[in-house]
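The values are calculated or read from the model by the stated rules, or taken from the named source; none is laboratory data. Keep in mind that this is a model prediction, so the values were computed, not measured. A quick note on method: Cβ atoms are made from the backbone with ideal geometry, for glycine too, and the neighbour counts reach across all protein chains shown. Calculation scope for accessible area: heavy atoms of the full protein, side chains included, ligands and nucleic acids excluded. Shrake-Rupley method; radii C 1.70, N 1.55, O 1.52, S 1.80 Å.
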Amino acid sequence: MRNCLLMLLCCCSLFVVQAQPRTDTLLKNMFDREATPSLRHILQHPDSFRYQLIYTQIDRDADNKPHFKNYYLEVDANQYFNPASTVKLPIAVLALEKLRELKVRGLDGNTPMLTDSSWSGQVTVHTDSSAANGLPSIHHYIKKIFLVSDNDAYNRLYEFIGQQSIHERLWKKGYSRARIVRRFMPLSEEENRHTNAIRFVNNGKTLYEQAPAVSKLQYDFSKTLKIGHGYMDKNDNVVPEPMDFTRHNNLPLEDLQRMLQTVIFPQSVPASQRFRLAPQDYRFLYRYMSQYPSETDYPAYDTSEYFDSYTKFFLFKGAGHNIPSNIRVFNKTGWSYGFLTDAAYIIDFEHNVEFMLTGTIYVNRDGILNDNKYEYEEDGYPFFRDAGKIIYDYELQRKRVYQPDLQDFRIDYKQR
């Protein structure tokens, strides 16, 4: 009996250890030394702020080939955060991949894409006033996704790929935990399974027609995911129980980091995990992942609202609207329900510094979700700004055997 009890205790202890969030000494010690008072307050309350952070060091060899090492702070795939608009990163890339695989003569990212309504809740989209030619296209949708995190652009690309194809493609690349089952519009679960008929038309000629589709996949919703003390319903009434995210989108932080690395450095992952894109697809992505709203005429953005750091959380959001000319951030952010998330590849061309940061935080003091009362300005943006600065300062003084050649990421943004 005693031996059985000891075995049970050992198994329980092992389970507890395995369930702990992953934290590396480097990050813990660095933040213990350098954290501002506001950041220190957040770090002392991981259960309240639900923060997670991955710092990716990049070291080049004599051939300029990058090598990566990740450091973790409170990273736990079992602790849910709402990925919000970060799911637009894989959707944008998968749209380019599907377009490339169609191999239709004359069809490319700039071909007008006309979306028809084929099921309950769907919308018809045949024009886009923000485009130079007034017509929607894959490229213009992706441009808006990265410049200002446009929701309609995401919805249209979600429909182009199709819910079932999204998961078949991501799961095949190893992202078995990824779940992207919702557009950013008020639709039921069944309506989100159905996607629209789409036509690509050029000068009145239809180059490709896509029939309406419906996903037949079954998803694992067995793990209940509830957050908060209450939530605001569609009638603006507070429901006094946690909000249920069980059937929402899901994208663990480690998967998000891996996706970003795969896009920026495709050769760093096995061929089976890469997105099947051409070099010009990658160049297109890099341009708009790093471009600012002020650097484009189409769409023409009000830069008092969509300022340069609008979607650049690490280092810059909440610290002024301007970003030094020697730094570029290639990233995708998301914000919703009190969750803020950013996956970023950061370059300082002047000092030959490059690194990746992927992080998330939850800021919701009253515990009520969907009421648009979150501490983004007070706690959220300062977390990314301060954490980013600590890592950036560390990178400035970190010794490298070989200096990186970053010329491949220099982009002429004058093409607006």
Go through (1) open to solvent by less than 20 Å² (accessible area, probe 1.4 Å); (2) in contact with a Gly (Cβ under 9 Å, 6 or more places away or on another chain); (3) touching a residue at least 60 places away in the same chain (Cβ under 8 Å) and name the single condition D128 misses.
(3)
Restricted to the stretch 401-411 and to residues being out of contact with any helix residue (DSSP H, G or I) (no Cβ under 9 Å at 6 or more places or on another chain) and in a loop (DSSP other than H, G, I, E, B), the residue farthest from F265 (Cα to Cα) is V401
Can you find a residue in the stretch 376-386 that is in contact with a strand residue (DSSP E or B) (Cβ under 7 Å, 6 or more places away or on another chain), touching a residue at least 24 places away in the same chain (Cβ under 8 Å) and open to solvent by 20 Å² or more (accessible area, probe 1.4 Å)?
yes
Might you check whether a residue that is open to solvent by less than 50 Å² (accessible area, probe 1.4 Å), in a loop (DSSP other than H, G, I, E, B) and either touching a residue at least 60 places away in the same chain (Cβ under 8 Å) or farther than 30 Å from D405 by Cβ (or both) occurs anywhere in the stretch 86-98?
no
Considering only residues that are in contact with a helix residue (DSSP H, G or I) (Cβ under 9 Å, 6 or more places away or on another chain) and of a type in the set (D, E), which ones fall in the stretch 350-368?
E354
Is one or more of the residues making up the stretch 324-331 assigned to a loop (DSSP other than H, G, I, E, B) and touching an Asp or Glu at 6+ places or on another chain (Cβ under 6 Å)?
yes
Scanning the stretch 270-301 residue by residue, the ones that are in contact with a strand residue (DSSP E or B) (Cβ under 7 Å, 6 or more places away or on another chain) and either among the hydroxyl-bearing types (S, T, Y) or more than 25 Å from L256 (Cβ to Cβ) (or both) total 2
Kindly indicate which of F313, F307 is touching a residue at least 24 places away in the same chain (Cβ under 8 Å) and open to solvent by less than 40 Å² (accessible area, probe 1.4 Å).
F313
Close pairs from the stretch 34-61: first over 17 Å from Q257 (Cα atoms), partner β-branched (V, I, T) and crowded, with 21+ Cβ neighbours inside 10 Å, Cβ under 6 Å, at least 6 apart
F49/I42; F49/I361
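Taking the stretch 277-304, which residues are of a type in the set (S, T, Y), over 18 Å from I327 (Cβ atoms) and surrounded by 17 or more Cβ atoms within 10 Å (Cβ to Cβ)?
Y282, T296, Y301, listed by residue number.
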Can you spot a residue in the stretch 388-400 that is open to solvent by less than 10 Å² (accessible area, probe 1.4 Å), of a type in the set (D, E, K, R), assigned to a strand (DSSP E or B) and in contact (Cβ under 8 Å) with a residue 24 or more places away in the chain?
no
State whether the residues of the stretch 176-188 include one that is modelled with pLDDT of 95 or more, assigned to a helix (DSSP H, G or I) and farther than 21 Å from F307 by Cα.
no
Counting just the residues of the stretch 99-114 that are of a type outside the set (A, V, I, L, M) and in contact with a helix residue (DSSP H, G or I) (Cβ under 6 Å, 6 or more places away or on another chain), which one comes out most open to solvent (accessible area, probe 1.4 Å)?
N110
